[in-house]
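Since every read-out is calculated from the coordinates, none of them should be taken as a lab result. Note that the structure is a prediction, hence the values are computed from the model and not measured. Cβ sites come from the backbone with ideal geometry, for glycine too, and all protein chains shown count toward neighbours.
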Amino acid sequence: MMGRILFVVGSGIGNQAETIPALMLAKKKYGDIVDVCNTVPYAHFATKVLFGDLVANVMKVSDVNPSLYAHQIVTYMLYNDPVKGVRSMKRIKPGIKWSEVEYNMKIVEHPYTDEDFSNCGPAMSSIAPAEGVPDILIHNGYNKVKVGNPDKWKAKSYARWPEVVERLRAKGLTVGCIGTDDEVVPNCENLCGTPFTQSVAAIKACKMLLSNDTGTFHVASVLGIPNVPIFTFTSRQKNFDKRFHRTTELVVPDLPCSPCQHTSPRHWLKNRNICKWACRNISVDVVMQAVEKRLT
């Protein structure tokens, strides 16, 4: 027997969600001998939810017996964190030549079409849509876990969510918010602080998810739920792929300096005092235009 195949994921919820089409491609190539391993397990709670309906085994790296595996497929965020003792088939140094989703497809080394980017199989199918969910959900989230400087990703957070809520409610839409306890948006039905499975159930039941460039908009894309993420300084080339994000209406700032994510290391942190993170203040009119376009 050739041995099983290890599909290596990790880092944030969105990074993991963006590997799902590649996992389905790997299953197309190898069948049901593919297992998922999270080698950066601070979000392992999400790994089980994202992949539990797709493969038989979802593991932390400490659970892996290397002798059982013929090779490993190491996805974008794990380039420097493969599983020791298991041969890697194809290694491409991450960059911004492709979207993160397409990078993951390429390393599987199996032919794919544009349609394969939207093949997420029965991901999260065991979670039933929640009842009584507001029309619109907002997630004012960004990664605050194991990032060193606590402000590292704060520039991702859109500064005008309360105004968006007012405009949505004026249109007769009900509005709720999801995320951690510190991500509550004023004047919304508070669904924050619940387990990830409950957030997924809520996303399944809403008409649309609005968010920062954060993991839940990738989850909504996996589920085929309309979503409007607001990108401030982050890379559209890396974090957005129109084939995977087929239900997404992307909002970006009209600034000559944006996106500055890859201009230089931590460019957005160094220039905070100069630009005042103007990219966080996109017009509410622009956001509402995207909402209305995706709603129709």
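Note on ASN187 and LYS270: the extension gain reaches 26.5 nm, defined as 0.36 nm multiplied by sequence separation minus the Cα-Cα distance.
Close amide H contacts of SER88 (hydrogens built in the peptide plane, cut-off under 5 Å, sequence separation of 5 or more or a different chain): GLN72.
In the chain, the inverse of the mean reciprocal separation of distinct Cα atoms equals 19.7 Å; this is its Kirkwood hydrodynamic radius.
Phi angles of region 93-99 translate, via the Karplus equation with coefficients 6.51, -1.76, 1.60 and θ = phi - 60°, into HN-Hα couplings of 5, x, x, 10, 5, 10, 5 Hz per residue; Gly and Pro are given as x.
Shown in residue order for region 112-121 are the 3J(HN,Hα) couplings computed by the Karplus curve 6.51 cos²θ - 1.76 cosθ + 1.60 at θ = phi - 60°: 9, 10, 4, 5, 5, 5, 9, 8, 10, x Hz (x for Gly and Pro). Applying a 4.7 Å cutoff between beta carbons, the unpaired cysteines of the chain are CYS37, CYS120, CYS192, CYS206, CYS257, CYS260, CYS275, CYS279. P(r) for region 155-203, from all Cα pairs and a bin width of 5 Å, is 5, 20, 26, 24, 18, 6, 0 %, short bins first.
Taken about its Cα centre, region 136-295 carries a charge dipole of roughly 480 debye when the Cβ of each Lys and Arg holds +1 and the Cβ of each Asp and Glu holds -1. Summarising the amide proton neighbourhood of ARG243: residues at separation of 5 or more, or on other chains, whose placed amide H is nearer than 5 Å comprise an empty set. Relative contact order of the chain, taken over Cα pairs closer than 8 Å and 6 or more residues apart, is 18 percent.
Whole Å is fine, so just give me how far the alpha carbon centre of region 207-271 lies from that of region 179-196. Centre-to-centre distance over Cα atoms comes out at 21 Å.
Residues whose amide H lies under 5 Å from that of LYS144, counting only those 5 or more places away or on a different chain, are absent; hydrogens are built 1.01 Å from N in the peptide plane. By the helix-only formula, in which each DSSP H run with n ≥ 4 contributes -39500 (n - 2.57) and the sum is divided by residues, the chain has a 222 nm mean residue ellipticity of -7500 deg cm²/dmol. Residues in region 240-249 carry Karplus couplings, in order, of 9, 9, 4, 7, 7, 8, 6, 9, 9, 10 Hz; the curve used is 6.51 cos²θ - 1.76 cosθ + 1.60 with θ = phi - 60°, and Gly or Pro positions show x.
If you place +1 on the Cβ of every Lys and Arg and -1 on the Cβ of every Asp and Glu, how big does the dipole about the Cα centre of the chain come out, in debye to the nearest 20?
That gives a dipole near 940 debye.
Let me know the whole percent of all Cα-Cα pairs from region 127-209 that are separated by more than 15 Å. When every Cα pair of region 127-209 is considered, 58 percent fall beyond 15 Å.
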